[in-house]
Number of protein chains: 2
Amino acid sequence: MDHKSGLQSLGILVLGVCLFPTMTAAQQPVLNLIPVPAAAQTGSSSLRVDVSFTVAQTGYSEPRLDRAVDRFLRQLAHQTALPLAMKATKSTKAVLVIQTEHASKEVLEVGEDESYVLEVNASGAKLTAPTPLGTMHGLQTFLQLVDVSPDGFAAPAVTIQDKPRFPWRGLMIDSARHFIPLDIIKRNLDGMEAVKMNVFHWHLSENQGFRIESKKFPKLHELGSDNLYYTQDEVRDLIAYARDRGIRVVPEFDMPGHSTAWFVGHPELASGKGPYEIERRWGIFDPAMDPTNEKLYKFLDEFISEMARIFPDHFFHIGGDEVNGKEWDANPKIQAFKKEHGLQSNDALQAYFSGRVQKLVVKHGKTVVGWDEVLVPGVPKDIVIQSWRGQASLAQAAKQGYRGILSNGYYLDLGWPAARHYAVDPMSGDAANLSPEEKQRVLGGESCMWAEYVNAENIDSRIWPRNAAIAERFWSSQEVRDPASMYARLNFISARLEWLGLTHKTYSRKMIQRIAGAASLDELAALRALTDVVEPVKDYTRQPLAPAEPTSATPMNRVVDAVPLESDSARHFGELVDQFLATSCRDADSETRLRAQFTAWRDNDAKLQPLAQRSFLVKEVATRSQDLSALGTVGLSALDAIDKGQPAPDLWKAQQLAVIEQAKKPKAQLLLMPAPAVQKLVEAAAAGGACAAAKP
Amino acid sequence: MDHKSGLQSLGILVLGVCLFPTMTAAQQPVLNLIPVPAAAQTGSSSLRVDVSFTVAQTGYSEPRLDRAVDRFLRQLAHQTALPLAMKATKSTKAVLVIQTEHASKEVLEVGEDESYVLEVNASGAKLTAPTPLGTMHGLQTFLQLVDVSPDGFAAPAVTIQDKPRFPWRGLMIDSARHFIPLDIIKRNLDGMEAVKMNVFHWHLSENQGFRIESKKFPKLHELGSDNLYYTQDEVRDLIAYARDRGIRVVPEFDMPGHSTAWFVGHPELASGKGPYEIERRWGIFDPAMDPTNEKLYKFLDEFISEMARIFPDHFFHIGGDEVNGKEWDANPKIQAFKKEHGLQSNDALQAYFSGRVQKLVVKHGKTVVGWDEVLVPGVPKDIVIQSWRGQASLAQAAKQGYRGILSNGYYLDLGWPAARHYAVDPMSGDAANLSPEEKQRVLGGESCMWAEYVNAENIDSRIWPRNAAIAERFWSSQEVRDPASMYARLNFISARLEWLGLTHKTYSRKMIQRIAGAASLDELAALRALTDVVEPVKDYTRQPLAPAEPTSATPMNRVVDAVPLESDSARHFGELVDQFLATSCRDADSETRLRAQFTAWRDNDAKLQPLAQRSFLVKEVATRSQDLSALGTVGLSALDAIDKGQPAPDLWKAQQLAVIEQAKKPKAQLLLMPAPAVQKLVEAAAAGGACAAAKP
């Protein structure tokens, strides 16, 4: 687990500011790589990639490597549309020569060597790696390097020496709240491979569903899943698919809370009386396993035994989060047990439970992973804490000797912009002050895709492209943190990810089309102009702002379900406003573009209203459309005021700000993203003097 | 085969002008149905489609119908995102009650009853049909009727009595010149089902490839396909898939010409000396089977026997087109045979061959279909002529007693706009003058997707949405022919077809992204502005205009491969110009929009040029970008001149027309579609007097 020492030990150019300097969004980075490699030296030439392209494998080989090379060639053919020779050769005269030294572990381990060196020059490329894990990462890097050039497809000359900063770089997908079909999981694993993530954390049980076949306890999936579950064969297939991509699969069975779906078939495990039904609502619910029931541990022993044989990974996630204790408090037997055993609180009761389960997990050869709550006094040191609470919690765990991974800051469902996730570092905050030894215990992090408001149709768009920014955070140096560079490269990888079958761009368009129905092209354009600049409300505000209590049966066909969680158009608009203000409002080109945008917004509502009369899904956003129109009018008025060169009247300012306040309110669970930037213009106009006062 | 008498015999409102009046593109038809049904009476209410929606099957049932209903429910859930009950009930209280009377033929026959009646009112819907074929058509109609409404998803109240005009409504796909994977064929069959086409004509052998496994003669596919062929199991699966959708599968094995790929493994069948290689170029080539070789007929007897057992359809296509006779002329043995048998010409020799093969086909229980060339004196009357030559040829065949189908006018690869295909009617031209009995012999038509310039990546975009317009031509009354109505409905079905997995919209965008590479969003927008208004050159001009001789190995990654064959944007621009001129240039709104468009075009080239420096695929279209920019300048100049209200000077006109001439020239195998409409404005400006003289 030497993940932190790698950067320096390579002894060559350390990246960050040097190759990826601060730039505006319109500029392109020198290398379109995400994540940024540990070290790279660029040359001046490039390697032409044409129909004569060949690959040779030398050194250690195994079927997984052959498949990786096949996949690489298919992907290269796909992204170039060149008719390439689709088989690797053994000739060292190949254009790309791969040299792998030895095998990786049969069951992937935390901290295995994932490094590689990739050298590209005008005459060829060489990829060397100690293990297939590094080879596979290097192939992904090569794929990202190949792009159109002035005279054909080419990869720039470069020497890359790369290894990850953290050994645990994960994506959690909640397949329980909404069932996510296997082919969709697979294409997300393809996306993970592309950005060098190496842990798929599979959240398989919840109040709302038990999603894996149990042969020992078939009532779990038969009664707890609405018949939406993965068979064991499918899961084994998925694990093999992940291993082929250098990805570990860590299953999570959340207990003792978040477990209503278990109790539909097995009410005897619960602390309450039952009967239980699959939960359809969202939130934290009362049902919890009965930690005082010895039959529960016998059941879990057999269950963990079964699951431990299906999932080869050394880690086994037992959840442990958000037990509200109400069923425990209401059960006299449990109250008696607590007294009898001197358990002063429900936390202590849960610690007792966790301790018992931890022993079962160890008995079946695994190490426990759990959310923050499992970390209570006396828990064995070998467990891994997954922190949804934050770096302070993680640092505290590390100080106590526990290994941990950070998920706070990486919840994809909260709708944050990529830059906000990107700014969160597992080693920042309290973690920055850890001793070197303690820092080693911070293994990395995981992004989390909780599934209250995602389903098969839109999950890709909730994960990508933002997840690539998080992947970079886990792989690249802490110094790599310029958001403008990140966004430019994110834009690039986002298009590339679509070649893997991910639908994060296309599905949003299709869902907008569904909302529009039989619209004219002008109406559809007006709807897109609006949906381009709205985002779903953030954090945990979606439920309180819902028109009716949302359930797992609520149709997800509304604008809030269809638009991306981050609006590129709104971000660019904000950049344009900042650019205009940065020139003291003297940049004529920016002003022209702003005027055109405001005029289009002002006039957009009239174009959209006929459709709002015909489609209930458009009607829901009609007030948002009016707000956008009003923002356009305010923007034009602000530009007019700025052009006068004198401070605009206070009354005018107050009127404009009142309009902006309306626009800032969430409506239809949507935020109108350009509002704050328009406000900047209004304040600049009020300050007057060619905006001098408004300089950011 | 009572396909023509149906419209009148229903005795109710015959559609055409009445329900689908002439409209501008912005208007929506009363019913968004394609093809337009034979008769429909709309009501004023609508049927709400929500989570309580149910379907019941009554009357005759069979597994195929169950699967059709399952597919219908999945599709309905998909297009609404409603969590519907996914199983049909037997309760007649269901929202949609289906009543099928009896089975259709086990092997689908030409002219089977495909009619259905669909009644929708506020309380429910009833679908009745004599056979599952009608039921399946009616389900597709219902799916098209359901759309967003002011208060949820709904289908308008309507009574539809529908049946096809022609019994043979086909799509031919050439899987030979470029191999098309099976899943892509399948989604195109889904598209065919949606628009009620019922024949999939599978062009399986060509100079460039032999695409089906032969167990009797394995060298055919092993040596003739580059290992790109369909196994017999796959073909049987595809045939079952087609039958499930009411679609017949007619295989074509083109002979005696277009057969080089056969000869790679079996040179003994050819008229030349060989050896033969798979042809990589496009065109008409010399190799042809040797009609004088008795072993050829023995071979074909066994081969047709094998294929006849795989393909259950009653028809078997033997091609027969485009034999240039050079190998025959060069072979003394063949010359001697001709003399000996009194065969005065190569046509006569081919007639001899066709006669022999026809007997073999009949021996194995099938009826021959062939291209025009097979129709020579003495050919038995039961063959079916597929006419690539046109209605005259078809009419002549009908007069002689032959049945025929029209493909002239429906070649999708020629790049025609949908309206041009739509205007071609199998019963127009010479066919209009046939006697009623002769007219019965015109069975319908087939669109043809020849595959020189299509592959797995872009084939959907070359077939759809235009093929839906052709499907309407074959199904709907000859009176249904308003292009504005067709385009409005085509726009609707085009979006719907994407729900079936067709990629005609998304893939074009991905290919443009590949061409752009790591472009900024502004650059990508500039590229799209250009690619939105170009189309590939038409008819057979692509090969002579190619930068180098195209082959089957030529990468298809250029702009000409990526853009749709019909530009919606250019069509709308042309409509806008016409609208402006129709008001004697007094429509201020049109003028504003035209000015905005011209300004955007004028300024677009400067935005695109940096990308043209970086991407060879963009560089290829740099001159097109300059031409578009020049068109923008000309357009603005024309509007300025028009605003003056006086005839513009001759010199000015000559200068503008010179620019337009440049823009009209094909470059990079692309046409700049707005050029003719800009020319109209220039001519209007030159005529002066508020454009009075330029009224269209």
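The values are calculated or read from the model by the stated rules, or taken from the named source; none is laboratory data. Just so it is clear, the structure is predicted and the values come from calculations on it, not from any experiment. Counting neighbours? That spans all protein chains shown, and the Cβs are built from the backbone with ideal geometry, glycine included. The area values use the complete protein model at the heavy-atom level, side chains included, leaving out ligands, DNA and RNA. Shrake-Rupley method; radii C 1.70, N 1.55, O 1.52, S 1.80 Å.
Annotations
- Residue-wise HN-Hα couplings along the stretch A:442-448, as the Karplus relation 6.51 cos²θ - 1.76 cosθ + 1.60 with θ = phi - 60° gives them from phi, are 7, 7, x, x, 9, 7, 10 Hz; Gly and Pro carry x.
- Over the C-alpha trace of chain A, radius of gyration and Dmax come out as 27.1, 81 angstrom.
- The 1.4 Å probe gives accessible areas that order A:E112, B:E119, A:E549, largest first, as A:E549, B:E119, A:E112.
- Normalised by the number of residues in chain A, the mean separation of alpha-carbon contacts (under 8 Å, six or more apart) gives a relative contact order of 12 percent.
- Label geometry 7 Å along the beta-carbon vector: A:P547 inter-copy distances in nm: 5.2
- Fraction of beta bridges assigned by DSSP in chain A that are antiparallel (%, nearest 5): 40
- DSSP-defined antiparallel bridges as percent of all bridges, the protein assembly as shown, nearest 5: 40
- Area hidden from solvent between A and B (accessible, protein heavy atoms only, 1.4 Å, total, Å²): 3800
- Rg over Rh for the stretch A:317-427 works out to 1.04, both radii taken from alpha-carbon positions and Rh defined as the Kirkwood radius.
- Simple spin-label estimate for A:A596 and B:Q662 gives 2.3 nm between the two label positions (7 Å along the Cα-to-Cβ direction from each Cα).
- Note: relative contact order over the stretch B:337-436, using C-alpha pairs below 8 Å and six or more positions apart, is 19 percent.
- Positive-pole candidate from A:A155, A:Q655, A:P332, dipole of chain A, charges at beta carbon: A:A155
- Selection of trypsin sites (Lys or Arg not before Pro), the stretch A:276-349, meeting DSSP coil and at most 12 other Cβ within 10 Å: none
- Solvent-accessible area of A:D313, all protein chains in place: 10 Å² (probe radius 1.4 Å, heavy atoms, ligands and nucleic acids excluded).
- 10 Å Cβ neighbours from other chains, averaged over peptide B:607-614: 1
- Exposure check, 1.4 Å probe, all protein chains in place: A:L76 carries approximately 0 Å² of accessible surface.
- Estimated distance in nm for a label pair at B:N433 and A:T541, the labels positioned 7 Å out from Cα along Cα-to-Cβ: 7.5
- What the Cα convex hull of the stretch B:251-304 gives, in volume per residue, is 84 Å³.
- Computed over neighbours whose Cβ is under 11 Å from that of B:V480, the net charge equals 0, Lys and Arg +1, Asp and Glu -1.
- Cβ-based net charge around A:H78, under 11 Å, with every Lys or Arg adding one and every Asp or Glu removing one: +3
- Per-residue mean of foreign Cβ neighbours for B:514-524 is 6 (Cβ atoms of other chains, 10 Å radius).
- Per-residue accessible area (protein heavy atoms, 1.4 Å probe) orders A:Y352, A:Y276, B:Y116 as A:Y352, A:Y276, B:Y116, starting from the largest.
- Dipole of the stretch B:352-466 computed with +1 at Lys/Arg Cβ and -1 at Asp/Glu Cβ about the Cα centre; of B:S435, B:V454, B:A423, farthest Cα towards the positive end is B:S435.
- Net charge of Cβ neighbours under 14 Å - reference A:E661; Lys, Arg +1; Asp, Glu -1: +2
- Global geometry of the stretch B:376-514, whether rounded, prolate or oblate, following the gyration tensor of its Cα atoms and the 1.5 cut on a/c: prolate
- Kirkwood analysis of the stretch B:385-466, using all unique Cα-Cα pairs, places the hydrodynamic radius at 13.3 Å.
- Quarter of Cα convex hull surface for the stretch A:174-284, i.e. mean projection, nm²: 7.0
- Between the listed residues B:G401, B:L31, B:Y276, the Cα displaced farthest toward the positive end of the dipole of chain B, a dipole computed from Cβ unit charges relative to the Cα centre, is found at B:L31.
- At least 27 Å along the helix axis (C-alpha) and Kyte average at least -1.0, DSSP helices within chain B: B:622-644
- Isotropic mean projected area of the C-alpha convex hull, the stretch B:444-500 (nm²): 4.6
- Chain B, dipole about Cα centre (Lys/Arg Cβ +1, Asp/Glu Cβ -1), debye to the nearest 20: 340
- Annotation: average projected area of the protein assembly as shown is 56.4 square nanometres, based on the convex hull of Cα atoms across all directions.
- Per-residue [θ]222 nm for the protein assembly as shown (sum of -39500 (n - 2.57) over DSSP H runs n ≥ 4, rounded to 500): -13000 deg cm²/dmol
- Descending semi-axes in whole angstrom, ellipsoid equivalent of the stretch A:135-233, from the Cα gyration tensor: 40, 15, 10
- The 1.4 Å probe gives accessible areas that order B:E340, A:E523, largest first, as B:E340, A:E523.
- Closest approach of a chain B Cβ to the axis relating B and A (residue, whole Å): B:T506, 2.
- Shown for A:D430: label points 7 Å from Cα along the beta-carbon vector, and their distances to the equivalent points in the other copies, 9.1 nm in ascending order.
- Chain B - percent of accessible surface contributed by carbon and sulfur, probe 1.4 Å: 53
- Placing +1 on the Cβ of every Lys and Arg and -1 on the Cβ of every Asp and Glu, with nothing else charged, gives the stretch B:378-455 a dipole about its Cα centre of roughly 180 debye.
- In the stretch A:135-278, Cα pairs under 8 Å separated by at least six residues give a relative contact order of 23 percent.
- Inter-copy separations for B:E661, label at 7 Å along Cα-Cβ, nm, ascending: 6.6
- Computed from the C-beta positions of A:A582 and A:W499, the FRET efficiency with R₀ = 45 Å rounds to 0.75.
- Neighbouring partner chain Cβ atoms per residue of B:148-154, average, 10 Å criterion: 6
- Around the Cα centre of the stretch B:466-526, unit charges on the Cβ atoms of Lys, Arg, Asp and Glu (plus for the first two, minus for the last two) sum to a dipole of about 180 debye.
- 3J(HN,Hα) along the stretch B:91-101, derived from phi through the Karplus expression 6.51 cos²θ - 1.76 cosθ + 1.60 where θ = phi - 60°, amounts to 6, 6, 8, 4, 5, 10, 10, 9, 10, 10, 7 Hz, with x in place of Gly and Pro.
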